[in-house]
Amino acid sequence: MATEIDELIEQLKTTSVSAGNSKTTNLLCEISATKDPKLFDKHELADCFLELTQCEDTNVRKEAAKCIAEITKSEVQRKKFTKRDIIAAFLECLRQVPTPDGSMELPIQICRALGNICYLNDEARDLILELEGDAVLLQLLDIASIDDVANAAQFIKVRGGLLSNYLLGGEGLAKRAMELGVMKKLQAIIATGASNVEVHEDLLLNTLPLLSILTENVADLNFEASLNIQLSRILAASTNPDLAEMCLELLHYQAESDEVKLLLAKDGLCETIYNLLEKYKTLASTSEARALMKLACELIVLILTGDESMHYLYTTTLLKNMVDWLDSSDIDLLTTGVLALGNFARTDSHCIYFVEQQTMNKLLEVLAKNNGVKDDVRLQHALLSALRNLVIPKPNKNAVIQAGLVQTILPMLEIHQPPVVFKLLGTLRMTVDGQEKLALELLKNKTLIEQLVHWSKSSDYAGVTGESLRLMAWLIKHAYLSKIAYALPRKGDAPAEQIADRIPLTQDYDRTSLSEFLANEGTVEAMVSMLTAQHLVMQNEALIALCILSVVYLSQAHQAGQDQAQRLQDELVKYEVGKKLAELISKSSDSMTKEIVENLQNCVNLLKSSEKLVAHLDQHNINELLKSIPILTEYCTL
């Protein structure tokens, strides 16, 4: 085959164009029919074909361009044909499109040839730019009516391919195209396509990729509202999965803007997607179809993340549609329904409505069927996110607890996927807020506390570490703060230094839950380590927890349980509570709020109930460090 190619090339080079165009044309046809373009790699053909592209005979020029298109499928020949004269000749020809006779055969082959030369070839793209050929290429988009009906579809295809290969050259070329008005041209084409999607399907398939390329290369490219609406309408009308995917991807990018989210919500895009998914869900058997289905589902959820769009869609049929998907056997539709409801549950009134309407119970039913180690992680994460939102309003807490939320999520402690664990702990923390009875029960849950201690030390996921510590601190606070509040100084009280002496001996309450909590190794260490957490809110929560432990076990009021008190003192010293307090003051004193400073003072003075801890705190110069806190210095100088 290689020998035959060599002979053809030699004949072409020795044949005079004027000697007989039919012979030249025949040779060019044989060359372009060669199936392996790499067979031409060793030959220098650019100069020979340059002459042919400038021939007066249109048929010769067409066949020459066709040959170049085939030959430049090879990377080697792409580089060899990257010549200013060749590219200039092609651009000059494209300037004349549409041709006087209306034929698109020559423009088609030139588009193919120039498109292949541009493929992954920045040098060729730069030459086009230098020759101001980008304006010529974009001018092709203005051709709305093609007389050569037989070749119209092919021209539309190669025009799109040429422009795609050129614009893929990067940000500079894309921005230059924007300056030349490419968006206005594309919008006009898409408007035509949207008017009858079935008829103009090929036009859209070969135009939308250009929008995608521009989107990727032009920062913050915002489409006009009319274009987004047209994309939405094309999606609704099309039965072509490739076209649907393009529309979805473009709308995904545009919907990052809250303004576009609201626009698409009001245009009914989410309901359109719902109807399409309901229609085609049984056909999503291939990986490609499933990927398209997920993309559509994700767009519904994305639109719901906008506040205005969420509030608008709450008043539409989409809300009921998403509740209906809680009964779906399709994991993607089910997950989307849960994610959608989680986004709707961003206001107290919506959350209360979901509890009243038993939507919360349906979510719990789904979670009860999917709370195991082998169940879908994405669904679990979505369910916990939604339930966490539902449990935030105070009127909901008791109803959610009574419905069995805690019993349903505690088995999930066996799951060690960080995103699920993070949501699990956050959901529990929101649930115990103000729920003394539940907090007392969970403090006695050995499995839970041991797991929290483990995660607080060993998780590579910072969110899990933080939530583990916070949940332990919240359990202590909500179980016991109301019982020991009498012991904390308030405005007008005696000086805080006298706090231990002021705690009355008559106060009594059940310390069983807290004692069982402390019996778990690592719990005191966790609360001490939390003092130097990165966030002030966590530092404050640690101070409150340590205040409660000190009142319950270190005050003179608690004569029983001396062993527990001694153990607590020993562990506070062992885990260097004084050092941690010193670090807290040194690193955070400038940003401390009045509340944190008051809790810090309370904590230090409560710890001083123990002589052993007085000496320990003195070793770390805590009294002097307290005096250095700016907010306290300000009080003193007033």
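The values are calculated or read from the model by the stated rules, or taken from the named source; none is laboratory data. Small disclaimer: the values here were computed from a predicted structure and weren't measured. Counting neighbours? That spans all protein chains shown, and the Cβs are built from the backbone with ideal geometry, glycine included. Heads up: the accessible areas ignore ligands, DNA and RNA and are worked out on the full protein's heavy atoms, side chains in. Shrake-Rupley method; radii C 1.70, N 1.55, O 1.52, S 1.80 Å.
Restricting attention to the stretch 85-115, the residues that are within 19 Å of Gln154 (Cβ to Cβ) and either part of a loop (DSSP other than H, G, I, E, B) or open to solvent by 40 Å² or more (accessible area, probe 1.4 Å) (or both) total 10.
Filter the stretch 313-342 down to the residues that are among the hydroxyl-bearing types (Ser, Thr, Tyr), in contact (Cβ under 8 Å) with a residue 40 or more places away in the chain and crowded, with 21+ Cβ neighbours inside 10 Å and list them by number. Answer for the stretch 313-342, where residues must be among the hydroxyl-bearing types (Ser, Thr, Tyr), in contact (Cβ under 8 Å) with a residue 40 or more places away in the chain and crowded, with 21+ Cβ neighbours inside 10 Å: just Thr335.
For (1) aliphatic (A, V, I, L, M); (2) in a helix (DSSP H, G or I); (3) more than 23 Å from Ser456 (Cβ to Cβ), each residue gets a yes or a no:
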position: Met530; (1), (2), (3): yes, yes, no
position: Ser550; (1), (2), (3): no, yes, no
position: Gln566; (1), (2), (3): no, yes, yes
position: Gly578; (1), (2), (3): no, yes, no
position: Ser588; (1), (2), (3): no, yes, no
position: Val604; (1), (2), (3): yes, yes, yes
position: Lys612; (1), (2), (3): no, yes, yes
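When the criteria are applied in full, Ala150 meets the requirement of being without any contact (Cβ under 8 Å) to a residue 12 or more places away in the chain, out of contact with any Phe, Trp or Tyr (no Cβ under 7 Å at 6 or more places or on another chain) and either outside any helix (DSSP H, G or I) or not aromatic (Phe, Trp, Tyr) (or both). Checking the condition in contact with an Asp or Glu (Cβ under 6 Å, 6 or more places away or on another chain) and not aromatic (Phe, Trp, Tyr), which residue from Leu251, Leu292, Leu276 passes? Answer to the selection: Leu292.
Take Asn361 and decide whether it is in contact (Cβ under 8 Å) with a residue 40 or more places away in the chain, in a helix (DSSP H, G or I), over 28 Å from the mean Cα position of the chain (by Cα) and surrounded by fewer than 19 Cβ atoms within 10 Å (Cβ to Cβ). Criteria met by Asn361. Checking each residue in the stretch 429-462 for being under 21 Å from Leu390 (Cα atoms) and either assigned to a helix (DSSP H, G or I) or among the polar types (S, T, N, Q) (or both) picks out Arg429, Met430, Thr431, Val432, Gln435, Glu436, Lys437, Leu438, Ala439, Leu442. Among all residues of the stretch 607-619, there is at least one that is open to solvent by 30 Å² or more (accessible area, probe 1.4 Å), closer than 25 Å to Phe517 by Cα, touching a residue at least 40 places away in the same chain (Cβ under 8 Å) and of a type outside the set (D, E, K, R).
Taking residues in the stretch 159-175 that are among the aromatic types (Phe, Trp, Tyr), and partners anywhere that are in a helix (DSSP H, G or I), the pairs with Cβ atoms closer than 8 Å and at least 6 places apart or on different chains are Tyr166/Gly115; Tyr166/Cys118; Tyr166/Arg125; Tyr166/Ile128; Tyr166/Asp134; Tyr166/Leu137; Tyr166/Leu173. Scanning the stretch 223-251 for residues that are β-branched (Val, Ile, Thr) and open to solvent by 30 Å² or more (accessible area, probe 1.4 Å) yields a count of 2.
Conditions (1) open to solvent by 80 Å² or more (accessible area, probe 1.4 Å); (2) modelled with pLDDT under 95; (3) of a type outside the set (D, E, K, R), marked per residue:
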{"site": "Tyr253", "(1), (2), (3)": "yes, no, yes"}
{"site": "Ser257", "(1), (2), (3)": "no, no, yes"}
{"site": "Lys261", "(1), (2), (3)": "no, no, no"}
{"site": "Cys270", "(1), (2), (3)": "no, no, yes"}
{"site": "Tyr274", "(1), (2), (3)": "no, no, yes"}
{"site": "Thr282", "(1), (2), (3)": "yes, yes, yes"}
{"site": "Glu288", "(1), (2), (3)": "yes, yes, no"}
{"site": "Ala296", "(1), (2), (3)": "no, no, yes"}
{"site": "His311", "(1), (2), (3)": "yes, no, yes"}
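There is at least one residue in the stretch 40-48 that is over 21 Å from Asp126 (Cα atoms), assigned by the TED database to the domain that holds Cys111 and assigned to a helix (DSSP H, G or I). Residue count for the stretch 488-526, restricted to those that are at pLDDT 50 or above and closer than 24 Å to Tyr575 by Cα: 16.
Looking across the stretch 57-84 at every residue that is over 21 Å from Thr34 (Cβ atoms) and at pLDDT below 95, the one that is surrounded by the fewest Cβ atoms within 10 Å (Cβ to Cβ) is identified as Thr58. For the stretch 424-474, the set of residues classified as open to solvent by less than 10 Å² (accessible area, probe 1.4 Å) and of a type in the set (Ser, Thr, Tyr) consists of Thr427, Thr431, Ser468, listed by residue number. Among the residues of the stretch 293-333, the one identified as under 18 Å from the mean Cα position of the chain (by Cα), of a type outside the set (Ser, Thr, Tyr) and not in a helix (DSSP H, G or I) is Gly306.
Checked across the stretch 394-402, the condition of being within 28 Å of the chain's Cα centre (by Cα) and in contact (Cβ under 8 Å) with a residue 12 or more places away in the chain holds for no residue. Filter the stretch 606-616 for residues that are farther than 14 Å from Leu568 by Cβ and under 47 Å from the mean Cα position of the chain (by Cα) and give the result. Answer for the stretch 606-616, where residues must be farther than 14 Å from Leu568 by Cβ and under 47 Å from the mean Cα position of the chain (by Cα): there is none.
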